[in-house]
Amino acid sequence: MNSLSGTVGKDDFLRLFTTQLRYQNPLNPMDGTEFTAQLAQFSSLEQLVNMGNTLDSILSYQDSLNNAFATNLMGKMIKADGDRVHLKGSAEFFYEVPRDVEALTLNIYSPAGDVVKTIEFGRQPAGTGRYVWDGTDGNGELLPDGFYTVRFFATDDSGDPVAVSTETLSRVTGISFEDGVTYLELDSDTRVSLGEIKEIWEGGV
């Protein structure tokens, strides 16, 4: 028995079971039903232990595959949920409107949080869209390269707000591990898990 947890392991159970058989009263042998029940318990315990060992092996193998996959993504562009774009002359990003909207507006924010440009799209049907920002502000002046934030605002025909999601492209610059999860470090100074990747792009933007 484990003195710390108070639990009985497979080997402990087997020792107790064989000892019980050795010292049972031959004039009053163990009841057949009880004997069968204990055998069933032992069989179930062994199967659970073996299953646990198999699952541990599968998880370890999966972790190895994830790490190898993440390594192959170094330097590539990925698309994932996010609102932070890297302006390098221009910036490309994507959005999804869940249902028809009466008005769709895009605000682009500077690193300091100021609105540098507003684009009115007007009425838009449900679906996905792509926008390429030419790097100019509301006056048509070119802005310096750097990281900017993009946010869409939409309202339906009743004037109620409609949430619009955004997806951005970022280059993978590093890999980190935390609590058994593999994360990709991006050039947008953010990170995503492997499960958050929407698309993988070979080239850059």
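Taken together, the values in this text are just the output of simple stated rules run on the coordinates, not laboratory data. Note that the structure is a prediction, hence the values are computed from the model and not measured. A quick note on method: Cβ atoms are made from the backbone with ideal geometry, for glycine too, and the neighbour counts reach across all protein chains shown.
Go through A126, P161, G174 and say which Cα lies farthest out towards the positive end of the charge dipole of the stretch 77-201; charges sit on Cβ, +1 for Lys and Arg, -1 for Asp and Glu.
Positive-end residue among those listed: G174.
For D156 paired with K198, estimate the spin-label separation in nm (one decimal), with each label point 7 Å from Cα along the Cα-to-Cβ line.
Inter-label distance under the simple model: 2.2 nm.
Residue by residue, what Karplus-based ³J(HN,Hα) values in Hz, rounded to whole numbers, does the stretch 155-167 have, using 6.51, -1.76 and 1.60 with θ = phi - 60° and x for Gly and Pro?
Computed from phi, the couplings for the stretch 155-167 are 9, 8, 6, 9, x, 7, x, 10, 6, 10, 8, 10, 10 Hz.
Could you run the Karplus curve 6.51 cos²θ - 1.76 cosθ + 1.60 with θ = phi - 60° over the stretch 169-179 and give me ³J(HN,Hα) per residue in whole Hz, x for Gly and Pro?
Taking θ as phi minus 60°, the curve returns 9, 9, 8, 7, 10, x, 9, 9, 10, 8, 6 Hz for the stretch 169-179.
Between F121 and K76, what is the FRET efficiency for a Förster distance of 35 Å, r being their Cβ-Cβ separation, to the nearest 0.05?
0.70
Need one number: nm distance between label points at T105 and T128, each 7 Å from Cα along Cα→Cβ, rounded to one decimal.
With each label point 7 Å from Cα toward Cβ, the separation is 2.7 nm.
Would you work out if the stretch 77-201 is rounded, prolate or oblate? Take a ≥ b ≥ c from the square roots of the eigenvalues of the alpha-carbon gyration tensor; rounded if a/c is under 1.5, else prolate when a/b is larger than b/c, oblate otherwise.
Here the stretch 77-201 falls in the oblate category.
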